[in-house]
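Visitor: Just dropping this structure here.
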Amino acid sequence: MSLQTIKELLEASLTPSPTVIILGLAFCLVAPILLHFLYSTATPYTTLPSVLLLGPPGAGKTALTTLFERGPQDPSTVSGPIAKTHTSQVPSSIELSINSDDPATSYKTNLDEEGATAKKFLLVDTPGHPKLRAQSLVHLSSAEPTIKSSLVSDGGAKSKIKAVVFMVDAAALADGDALPATAEYLYDVLLTLQKRFHSRNGSRAPASMPVLVAANKLDLFTALPAALVKSSLEAELGRIRAARSKGLLDSGVGQDDLAAGEEGDWLGGDGSEKFSFAQMMEFDVDVDVIGGSVTGDGPGAEKWWKWIGERV
C-alpha cells in the first residue's frame, strides 16, 4: 500500500460523513457490551456467605440486624429519628464486614479507618411467625444449605449458609407460655439439621452447621442467665422429644425404627433419657448458648459478633 493511499484513507476517516458517524456510534455502543460479555463469562460470579437469623417473634432479630448495620443509636447523639423495628413478614438481608485478621474486632469499628482487611457476609433476618417458619427451615434441609438473598443481583446465584443464629427472649422464657413455644421452634430447626446429616449422598457427610442460641435481653432484671436458658431449653426439648416419640409409637411406629433416629421426630443421641445440646455433635451440629443484649446497659452483642466472625 502506497503512502498516498494511506493518506487518502486517513483523510476519508477524518472527514465528517454519514458513514463515518454511523461506524463511530456503532463502535461506541457495541464495544462496551462486548467487553462486558467477555469479562462476565470469563470471571465466575461469587456470592457472599450467609448467617441465617431465626427465632420466635419479639426475640430481637430485627433489632439485632439494625444494631449490626447502623451501630448503637443514642437519642442524645443521633440526629433524626431512632430506627424502629417491626414484625418481619419476609426475609431481609444486610451486608456486613468483619476483620478477617481478628474476628473479635467490634462491630462498631470502622475497618477502613483502621486499615483492616474486611471479609464480607450476609445476615439474613427471617420471619418468626409460626405460619412463616416453614420457608426458613427449607433452606436448612439440603446437604449444602443455601438461600436466595435480596442483595444477590445474579438471579441464579444463592448464598451458602455458614451458621445459624437462633435468638430467644431470655426475659420471656420464665413465662410458662414462652418457653414451650420457643423450644418447639428450636426443636424443628435442630431436627431439620439432623435429618440433613442423614440425607447425605455416599459416605461424605455434609459440612458442619454451627448454631448459636443467642439469649437476648439480659439487660432486664427478669431475664434468665445464659446457663439457665441452656438448661431450661434442654429440659423442654427433652419433653417435646418424649411427647413426639410417644405419638409415633401410638401411631404404630416400632421401637426399633424410632431408635434408629434416622426418621421421625427423635432428636439427639439414641437411647438417652435426657436431651442435651452436646448430643447434636453426633450430627455435626455444634450448639452454643451465649447471653447478650441488643439494647440497654446489659452485656451487649459483642460476644455474638465474635461468634459469627469466627464462623464465616
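The values are calculated or read from the model by the stated rules, or taken from the named source; none is laboratory data. The structure displayed is predicted, hence computed values, not measured ones. Because the Cβ atoms are built from the backbone with ideal geometry, glycine has one as well, and the counts that use them run over all protein chains shown. Each accessible area value is taken on the protein alone, full model and side chains, heavy atoms only, with ligands, DNA and RNA left out. Shrake-Rupley method; radii C 1.70, N 1.55, O 1.52, S 1.80 Å.
Visitor: Could you grab me the full set of residues in segment 179-217 that are open to solvent by 50 Å² or more (accessible area, probe 1.4 Å), of a type outside the set (Lys, Arg) and either touching a Ser or Thr at 6+ places or on another chain (Cβ under 8 Å) or not in a helix (DSSP H, G or I) (or both)?
Guide: Hits for segment 179-217 are SER199, ASN201, GLY202, SER203, SER208.
Visitor: Another question about this same structure. For segment 168-177, check the following and say yes or no: at least one residue is under 29 Å from GLU95 (Cα atoms) and not in a loop (DSSP other than H, G, I, E, B).
Guide: Yes, some residue in segment 168-177 is under 29 Å from GLU95 (Cα atoms) and not in a loop (DSSP other than H, G, I, E, B).
Visitor: Would you check which residues across segment 218-234 are of a type outside the set (Lys, Arg) and assigned to a helix (DSSP H, G or I) and list them? Don't jump to the end; show me each part of the working.
Guide: First, pick out the residues of segment 218-234 that are of a type outside the set (Lys, Arg): 218-229, 231-234.
Correct list: ALA226, ALA227, LEU228, VAL229, SER231, SER232, LEU233, GLU234.
Visitor: If a residue has to be part of a loop (DSSP other than H, G, I, E, B) and either open to solvent by less than 50 Å² (accessible area, probe 1.4 Å) or of a type in the set (D, E, K, R) (or both) to count, how many in segment 284-300 make the cut?
Guide: In the first step, residues of segment 284-300 are kept if they are part of a loop (DSSP other than H, G, I, E, B); the result is 284-286, 292-300.
Narrowing further to those that are either open to solvent by less than 50 Å² (accessible area, probe 1.4 Å) or of a type in the set (D, E, K, R) (or both): 284-286, 292-294, 297-298, 300.
The total comes to 9.
Visitor: Scan segment 94-151 residue by residue and report those that are in a loop (DSSP other than H, G, I, E, B) and in contact with a strand residue (DSSP E or B) (Cβ under 6 Å, 6 or more places away or on another chain). Break it down stepwise before answering.
Guide: Keep residues of segment 94-151 that are in a loop (DSSP other than H, G, I, E, B), which gives 100-110, 115-117, 126-129, 133, 139-145, 148-151.
Matches in segment 94-151: SER100, THR105, ALA116, THR126, HIS139, PRO145, SER149, SER150, LEU151.
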